[in-house]
1. When you check S349 against the structure, is it near the ligand (Cβ under 10 Å from one of its atoms), under 22 Å from the mean Cα position of the chain (by Cα) and open to solvent by less than 10 Å² (accessible area, probe 1.4 Å), yes or no?
2. Can you say whether E281 is open to solvent by less than 80 Å² (accessible area, probe 1.4 Å), farther than 14 Å from V192 by Cα and away from the ligand (no atom under 16 Å from the Cβ), as far as the supplied structure shows?
3. Any residue at all in the range 42-57 that's in contact (Cβ under 8 Å) with a residue 40 or more places away in the chain, within 15 Å of the ligand (Cβ to nearest atom) and basic (K, R)?
4. Can you tell me which residue within the range 301-328, out of those that are assigned to a loop (DSSP other than H, G, I, E, B) and open to solvent by less than 30 Å² (accessible area, probe 1.4 Å), is farthest from the ligand (Cβ to nearest atom)?
5. For the range 144-172, which positions are surrounded by 22 or more Cβ atoms within 10 Å (Cβ to Cβ) and either part of a loop (DSSP other than H, G, I, E, B) or not assigned by TED's automatic domain parsing to the domain that holds L222 (or both)?
6. Checking the structure you have, find out if any residue of the range 187-194 is surrounded by fewer than 20 Cβ atoms within 10 Å (Cβ to Cβ) and charged (D, E, K, R).
7. Which fully enclosed helices (runs of 4 or more DSSP H) of the range 1-117 have 1 or more residues being at negative phi and at pLDDT 95 or above?
8. Kindly indicate whether K331 is away from the ligand (no atom under 11 Å from the Cβ), in a loop (DSSP other than H, G, I, E, B) and farther than 25 Å from V130 by Cα.
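The values are calculated or read from the model by the stated rules, or taken from the named source; none is laboratory data. Worth saying up front: this structure is predicted, and the values here are computed from it rather than measured. Cβ sites come from the backbone with ideal geometry, for glycine too, and all protein chains shown count toward neighbours. Side chains are part of the model used for accessible areas, which takes the heavy atoms of the whole protein and leaves out ligands, DNA and RNA. Shrake-Rupley method; radii C 1.70, N 1.55, O 1.52, S 1.80 Å.
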Amino acid sequence: MFCRICNNQTQVINSFGRMPIANNFLKQDSFKEEYFFDLETMFCISCKTFQLVEQPDPQLMFHENYAFFSGTSKKMAEHFKIMAESYRQQFIADPQKAFVVELGSNDGIMLKHFARDGIKHLGVEPSENVAHVAREQGVATKVAFFGEQTASAILEEHGQADIICAANVMCHIPDLASVAKGVVSLLKNDGVFVFEDPYLGDVIQKTSYDQIYDEHVYIFSLLSVQQIFEPYGLELFHVEPQITHGGSMRYYLCLQGQRVVQDSVKKQLEIEKTLGLDNVETFINFRDACEKSRQELVTLLKELKAAGKRVVGYAATSKSTTILNYCGIGKESIEYISDTTPLKQGKFSPGMHIPIKPYQEFTNDTPDYAVLFAWNHAQEIFEKEENFTKKGGKWITFIPEVKVLEQV
Ligand code: TYD
């Protein structure tokens, strides 16, 4: 297997088995034509990029029925508001002349803060349905995948950008060479390319293998981000760890030599050395930890079933698709999964076909246990769900280890 970035030989790490598209919540009449692929990871010893072996065609993942809307979490909405303020303060000298481009702008959750202040902006979003929601909020959005071609079309129509940003998007894009070339052509000389994604250091430390699914073709580290973008003249000058998505990293890049490289880069690179993110052994240990986690979760659910307990799932996240299919957990173990996204409700989970029910179903019900699939939103959810625990309900988590939370 060859690396997508540097074309060198890689080492295969995880084999999670046959996997459906993580966000393809489906109706019963589509079960027969459901798409599956082999979910496997590999590590490139040369450029240190941790990546999927096979990724389904992007058209199968991002389309007019894309089920992920960024606006479903209050904490995430707050996170994007703070992000917009921070970018504006740091990188916009004159709001009248500024131009901000966001890649994978989803429902406009971040750009709306620029739109409201009358700052020129453009979202680039391949999924028509979420782009429609953004436009309704006054966020200018172009329905497209970003790459060299889209960049030159934007350049022609709008000119160069001060900020090109992305959140939970770069790790989705297999052809990063095209993105890098597009960014370099679109960015002003003193412009900034800033993006954040789930961080490899957190995935390894927490055994959060559920970050691995079709959309996440890469799980980045600083080591890999430098190797990926430097050949195109983009220099990493600052990084900031984020608590979102169970542990993310924000990467700040500029055109080579345009800014002073901050200490944060050196410090985080040292942490990566300590974590062994440059070493294939670390990934072999990670594979064993995933297997152990799977066995423990399956055993716990079997024990609860044998004891006659009712178990449901909380939040039909993309991440849950990897957990459920890798562990082989179906509706015999988890009765249903409640979710607040209307598009998912009344459908079934990809692959294991557990029914997805509206959130109200969970609040009116008294299950004994709820598996917290949105573990990354634990704080927000525990605050909201005091009633569940008051009624005697218990949470099951599997990150960083499989555990019943007696008290939250
Ligand atoms: P997230 O962890 O952001 O998802 P993903 O793994 O897909 O990136 O969670 C988003 C999903 O969780 C979305 O389907 C809505 C659902 N959700 C709830 O149902 N209730 C909640 O309180 C929260 C925070 C999310």
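1. In short, no.
2. When the stated conditions are applied, E281 does not pass them.
3. No: the range 42-57 contains no residue that is in contact (Cβ under 8 Å) with a residue 40 or more places away in the chain, within 15 Å of the ligand (Cβ to nearest atom) and basic (K, R).
4. Among those residues, the one meeting the criterion is A316.
5. Hits for the range 144-172 are F146, V169.
6. Checked against the condition, which is being surrounded by fewer than 20 Cβ atoms within 10 Å (Cβ to Cβ) and charged (D, E, K, R), the range 187-194 yields at least one hit.
7. Values: elements: 58-61, 74-91, 112-116.
Because the criterion is at least 1 residues that are at negative phi and at pLDDT 95 or above, the helices (runs of 4 or more DSSP H) in the range 1-117 that meet it are 74-91, 112-116.
8. Yes, satisfied.
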